[in-house]
Amino acid sequence: MTPEQRQSIIDAGRDSWYIGASVTESMYSAAAIAGVTLSDSAMGELMVSLHNQMRDEDSCACGSGLDTWDLCDARGIYIAKVCDDCEDSKRKGYRDDIFTDSNYWATESIEADY
Ligand SMILES: [Zn+2]
């Protein structure tokens, strides 16, 4: 198995994870497409690599290494990934009312521009 084949199998597993499909099935079929026969131990090792890669993606872009969650506004609209370290500073980049007032859109009075 080449590093490229290996990564393509891991990528297939990650894609399935995000859409809620079977990770192992996708990885086995990606391996079959790549012409690789996966032993149980190879599969186990790939699963560990997948897990590690996904964990790295989950750690915050601010460099804290902490897990992130989705910062959403008062209407539940996704704004940014944040962690304990950077939540406050990221919130400061937005108006306070978008986190507290779910009608903030209505108060923008878009019609006034016409
Ligand atoms: Zn952070």
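The values are calculated or read from the model by the stated rules, or taken from the named source; none is laboratory data. Note that the structure is a prediction, hence the values are computed from the model and not measured. FYI the Cβ positions are ideal-geometry reconstructions off the backbone, even for glycines, and counts take in every protein chain you see.
The table below gives the values:
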| read-out | value |
| --- | --- |
| Residue that is surrounded by the fewest Cβ atoms within 10 Å (Cβ to Cβ), among those in segment 1-29 that are under 23 Å from Trp69 (Cα atoms) and of a type in the set (Phe, Trp, Tyr) | Tyr18 |
| Residue within segment 35-44 that is within 16 Å of the ligand (Cβ to nearest atom), modelled with pLDDT of 85 or more and either at positive phi or touching a strand residue (DSSP E or B) at 6+ places or on another chain (Cβ under 6 Å) (or both) present | no |
| Odd one out for Ala32 among (1) of a type in the set (A, V, I, L, M); (2) under 21 Å from the mean Cα position of the chain (by Cα); (3) outside any loop (DSSP other than H, G, I, E, B); (4) loosely packed, with under 14 Cβ neighbours inside 10 Å | (2) |
| Subset of segment 66-84 (residues that are in a strand (DSSP E or B) and more than 13 Å from the ligand (Cβ to nearest atom)) | Cys72, Tyr78, Ile79 |
| Criterion violated by Ser89 - all others in (1) within 16 Å of the ligand (Cβ to nearest atom); (2) part of a loop (DSSP other than H, G, I, E, B) satisfied | (2) |
| Selection count where residues are touching a strand residue (DSSP E or B) at 6+ places or on another chain (Cβ under 7 Å) and more than 10 Å from the ligand (Cβ to nearest atom), scope segment 55-65 | 1 |
